[in-house]
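Visitor: Please see the structure below; I have some questions.
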Amino acid sequence: MSRYLKITGAVVVVLTILGGVAYRAAPVQDALMRTGVAAMLGSAPETFDGLQIVVCGSASPLGNNPDRAQACLAVVTPEHFFLVDVGARSPMRIAQAQLPMNRLTAVMLTHFHSDHIAGLADVNLASWVAGRQASMQVYGPQGVETVVAGFNQAYRLDRGYRVAHHGEGLLPPSAGPMKAVTFQPGLVWQDDDMTVTSILVDHHPIDPAVGYRFDYRGRSVVISGDTNASDNLFAAAAGADIVFHDALARDSLDIMQNALAKAGRSSFAQIVADVSDYHADTRTLEEAATAAGIEQLVLYHLVPTPMNSLTETMFLRGLSDKTLLAHDLQIFELPPESEEISIR
Ligand SMILES: [Zn+2]
Ligand SMILES: [Zn+2]
């Protein structure tokens with residue numbers, strides 16, 4: 001080894017040791033944290049002038065992957081912010097994406113399976129703390145009032161503690177409980193630029209279950225919720241720019257079911273088998289999407305939840321390159337009156 005390399009190596013070792021020592025020093029830690037917090041506070045995303053969809057959860061309950069929260073998609077424009085379902089871990093994704101909780105328009109539920117509603121209380125609290133002055137509205141088909149009443153009751157004491165601690169000025173008590181809005185399938189919400197329509201889907205025996213179509217300044221996105229491939233959904237989705245669709249990877253599911261049965265875990269194997277008849281087999285979706293004139297098909301609510309790149313690849317088996325698998329924190333941007341879709 002040359003003398004030069006020896007000296008360089010020694011310098012690197014000394015700097016590493018000094019760095020390690022400094023990292024344990026309180027003033028250095030404080031300075032690093034100050035810089036980090038300031039960077040976080042100063043990095044609010046710019047408002048996109050158009051229709052933006054943020055993936056705040058792409059998983060189903062089957063399979064545990066900490067990189068994928070359960071079902072949640074955010075539909076954001078300069079004037080609107082809707083959350084479609086708020087499954088477990090999605091409040092963390094919503095915070096990471098720095099979504100504008102101070103101006104949450106409403107939560108739209110597709111149905112009331114736990115993986116679509118588990119985050120309701122955290123989303124309610126986060127938007128209340130962010131300055132919401134009226135009750136958070138939770139839209140859904142028949143049954144939403146039962147879900148909302150239950151959450152409101154379970155978190156009644158929590159709301160009381162927080163108002164007592166932070167004061168009514170910061171947390172207006174009337175804005176604490178959520179408000180259920182029950183609808184029949186059809187027009188759900190409308191203003192000059194945005195129309196939200198709900199669509200009956202096939203998630204039997206969970207009835208009713210709906211998907212949603214959002215139309216905004218010449219652009220459109222459809223979110224299926226949990227469903228088999230449904231003629232009703234694809235009819236309502238005709239000509240949409242993007243459809244986010246529930247998706248089941250049959251080959252992966254079969255391997256899981258066989259492995260569970262072989263391992264003697266028969267009740268879990270039975271659950272896996274039951275699941276397969278009320279989600280959409282990926283192989284049925286592309287043709288239906290193309291026939292309906294849909295520009296971009298994106299698979300989300302992935303059954304089973306992919307754990308790694310191998311199972312992600314298996315999910316897209318037999319599909320064209322054009323169909324995408326959603327990832328948490330992915331953002332789809334649709335400028336108004338255009339055909340452009342950018343993904344980041
Ligand atoms: Zn479901
Ligand atoms: Zn689900």
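Visitor: Based solely on C-alpha atoms, express the radius of gyration and the Dmax of segment 1-122 in angstrom.
Guide: Spelled out, the Cα radius of gyration and Dmax of segment 1-122 are 22.3, 70 Å.
Visitor: Consider all pairwise Cα distances in segment 136-191 and report the whole-number % of them above 15 Å.
Guide: Percentage above 15 Å: 55.
Visitor: Whole percent per 10 Å bin, from 0 to the bin with the longest distance: what is P(r) over all C-alpha pairs of segment 74-219?
Guide: 11, 41, 36, 11, 1
Visitor: With θ set to phi - 60°, apply the Karplus curve 6.51 cos²θ - 1.76 cosθ + 1.60 along segment 218-223 and write out the HN-Hα couplings as whole Hz, x wherever there is a Gly or Pro.
Guide: x, 10, 8, 9, 10, 10
Visitor: Let me ask something else about it. Between Asn64 and Asp191, what is the label-to-label distance in nm when each label sits 7 Å out along the Cα-to-Cβ direction?
Guide: About 4.1 nm, to one decimal.
Visitor: So, one more: Alpha carbon centre of segment 116-141 versus segment 213-256: separation in Å?
Guide: 25 Å
Visitor: Note down the nm distance, to one decimal, between modelled labels 7 Å out along Cα→Cβ at Leu15 and at Glu340.
Guide: Spacing of the two 7 Å Cα→Cβ label points: 4.2 nm.
Visitor: Do you know the relative contact order of the chain, to the nearest whole percent, from alpha carbon pairs under 8 angstrom that are 6+ apart?
Guide: 17 percent
Visitor: Something else now. Sorted from largest down, give the three principal axis spans of the alpha carbons of the chain, whole angstrom values.
Guide: The principal-axis extents, from largest down, are 75, 56, 50 Å.
Visitor: Going by average Cβ density within 10 Å per residue, which order do the peptides 134-140, 299-305, 284-290 take, highest to lowest?
Guide: The densest-packed peptide leads the list: 299-305, 134-140, 284-290.
Visitor: Between Ser320 and Ala130, what is the FRET efficiency for a Förster distance of 41 Å, r being their Cβ-Cβ separation, to the nearest 0.05?
Guide: 0.50
Visitor: Right, something else. Quick one: Cα centre-to-centre distance for segment 178-209 and segment 49-100, in angstrom?
Guide: Their Cα centres are 18 Å away from one another.
Visitor: Next question, about the same structure. Taking θ as phi - 60°, what are the ³J(HN,Hα) couplings along segment 316-333 by the Karplus curve (6.51, -1.76, 1.60), each to the nearest whole Hz, with x for Gly and Pro?
Guide: With the stated coefficients, segment 316-333 comes to 8, 4, x, 9, 6, 5, 6, 6, 10, 9, 5, 10, 4, 6, 5, 10, 10, 10 Hz.
Visitor: Give me the extension gain from His327 to Ile7: residue separation times 0.36 nm, minus the current Cα-Cα distance, reported in nm with one decimal.
Guide: 110.6 nm
Visitor: If you don't mind, another one. Report the extension gain between Arg283 and Ala149 in nm, rounded to one decimal, defined as 0.36 nm multiplied by the number of residues separating them, less their alpha carbon distance.
Guide: Gain on extension, Arg283 to Ala149, equals 44.3 nm.
Visitor: How large are Rg and Dmax for segment 216-344 when only the alpha carbon atoms are used, in Å?
Guide: Both quantities, over Cα of segment 216-344: 16.0, 56 Å.
Visitor: How big is the antiparallel share of DSSP beta bridges in the chain, given as a percent to the nearest 5?
Guide: Beta bridges within the chain, antiparallel portion: roughly 55 percent.
Visitor: Residue by residue through segment 81-95, which ³J(HN,Hα) values in whole Hz follow from phi under the Karplus form 6.51 cos²θ - 1.76 cosθ + 1.60 (θ = phi - 60°), with glycine and proline marked x?
Guide: Each residue's phi maps through the Karplus curve to give 8, 9, 10, 9, 6, 9, x, 4, 6, 5, x, 5, 5, 4, 5 Hz.
Visitor: Rounding to the nearest 20 debye, state how big the charge dipole of segment 190-344 is about its Cα centre with +1 on each Lys and Arg Cβ and -1 on each Asp and Glu Cβ.
Guide: It comes to approximately 680 debye.
Every number here is computed from the coordinates shown, using simple stated rules; none is lab data. Predicted model, so just to flag it, every value in this text is computed and none were measured. Backbone-built Cβ (ideal geometry, glycine too); neighbour counts: all protein chains shown.
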